[in-house]
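Data block below; observations after.
The values are calculated or read from the model by the stated rules, or taken from the named source; none is laboratory data. It should be emphasised that the depicted structure is a prediction, and the values quoted were computed from it without experimental measurement. Heads up, the Cβs are rebuilt from the backbone with ideal geometry, glycines too, and the neighbour counts pull from every protein chain shown.
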Amino acid sequence: MIQLTALTKRYGDKTAVDDLTLLVRPGVVTGFLGPNGAGKSTTMRMILGLDLPTSGTATINGRAHHELPHPLRTIGSMLDARAAHPRRTAYKHLLYQAQTNAIPATRVDEVLDLVGLTEVAGKPAGSFSMGMTQRLGIAAALLGDPPVLVLDEPVNGLDPEGVRWIRALMRGLAAEGRTVLISSHLMSEMAMTADRLVVIGKGRLIAEGEIGDFTAAGSAVAVRTPESGVFARLLELAGAHVRPGPDDELLVTGMEAADVGRLAAAEGVTLFELSVRHASLEETFMELTRDAAEYGAAR
C-alpha cells in the first residue's frame with residue numbers, strides 16, 4: 001500500500017505537488033494520469049525517497065522509503081529504464097543491485113528469465129534496443145520480489161507482444177495482492193490495464209475512482225431522427241441537455257435512454273437510432289484536465 005498525506009513539493013515559488021492525499025491499494029492496478037507538468041514524476045520521486053517533500057508524507061506499507069532496511073524487497077520501481085551503466089552487462093547490473101539489498105544471486109537469473117533476457121544476460125546494457133532496455137528496467141523493479149511496484153511508462157519501446165506481456169504481468173502481480181502503480185500517457189493501454197485511476201493536474205488531485213466510473217461519466221444517449229430539431233426542443237423542455245453529434249445525431253445527457261424512448265413514443269417522434277455511447281478514456285481524460293494542462297498546442 002502507498003499512502004500520501006497532504007504531500008507537497010515546492011521549488012522556489014513553483015508548487016509541483018500541492019497537498020496531495022491519496023491511498024494506492026493492493027490487489028488492483030492503479031493508473032496514475034496527468035498532463036505534462038502535472039506533478040506525476042515528482043510525486044513518484046517522493047514516494048521513492050529521491051526528492052524530499054516540502055511538507056506532508058509518503059509511506060510504503062506504513063514506512064517512509066528511507067526507513068526501509070532493504071528497499072528493493074519492499075518497493076520495486078522503474079522511473080528511467082536507461083539507468084544502467086552502458087558497459088555493464090545485464091546480469092551484473094542486476095547482481096550489484098541484488099547485493100546491496102541482501103537478495104540471493106539466484107534471483108537475478110529468475111528475473112532475467114521472467115522478462116525474456118536470459119540469452120543476452122552477458123551483453124552490455126548499452127547495446128540493447130529500447131525494448132530490451134525497458135525489459136531490463138522491469139527486471140530491476142522485480143528483483144526483490146516486492147509487494148509494491150511503481151512504474152513510469154512501462155510499455156515504452158515494447159513491441160505488440162511485449163505490450164501484451166507487460167499488461168498480463170501487471171495484472172497478474174495485482175491479482176497476487178501486490179500494490180501496482182503505473183504512470184502512462186497511453187490512454188488506450190491504460191484502459192486495458194488499470195482497474196483504478198488517479199488523475200492529477202497542476203499538482204493537485206482532480207479525480208480518482210474505478211476505471212468504469214470514468215468512462216460512464218462521459219456517456220450520452222445517441223439519437224437519430226428525421227425530426228431532430230423538434231425532438232431536441234422536446235428533450236430540453238424535459239430537462240435534458242442536447243448537443244449535435246456526428247452524422248446528424250443528437251447526443252443527450254441528463255436523461256436515461258429508456259426515458260428518451262418513452263418521450264419519443266409519447267410525442268410520436270420517429271427514431272432511427274437510440275443507443276448509449278460511452279466516452280473513451282482519452283476523451284474523459286481530456287475533459288478532466290482541460291484547465292490543468294501546463295503546456296498546450298495553439299488551437
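Table for the structure above
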read-out	value
Of all residues making up region 146-173, the number that are under 14 Å from the mean Cα position of the chain (by Cα) and within 16 Å of ALA81 (Cα to Cα)	9
Whichever residue in region 132-156 is part of a helix (DSSP H, G or I) and hydrophobic (A, V, I, L, M, F, W, C) and, among such residues, is farthest from ALA105 (Cα to Cα)	MET132
Checklist (1) modelled with pLDDT of 95 or more; (2) under 22 Å from LEU48 (Cα atoms); (3) surrounded by fewer than 21 Cβ atoms within 10 Å (Cβ to Cβ) applied to ALA174, failing item	(3)
Listing of strands (runs of 3 or more DSSP E) fully contained in region 192-252 that carry 1 or more residues being more than 33 Å from the chain's Cα centre (by Cα) and either at pLDDT 95 or above or outside the structural domain of ALA174 (by TED's automatic domain parsing) (or both)	220-224
Only one of ASP109, ASP159, ASP80, ASP113 that is within 21 Å of ILE47 (Cβ to Cβ) and either assigned by TED's automatic domain parsing to the domain that holds ALA64 or touching a Gly at 6+ places or on another chain (Cβ under 8 Å) (or both)	ASP80
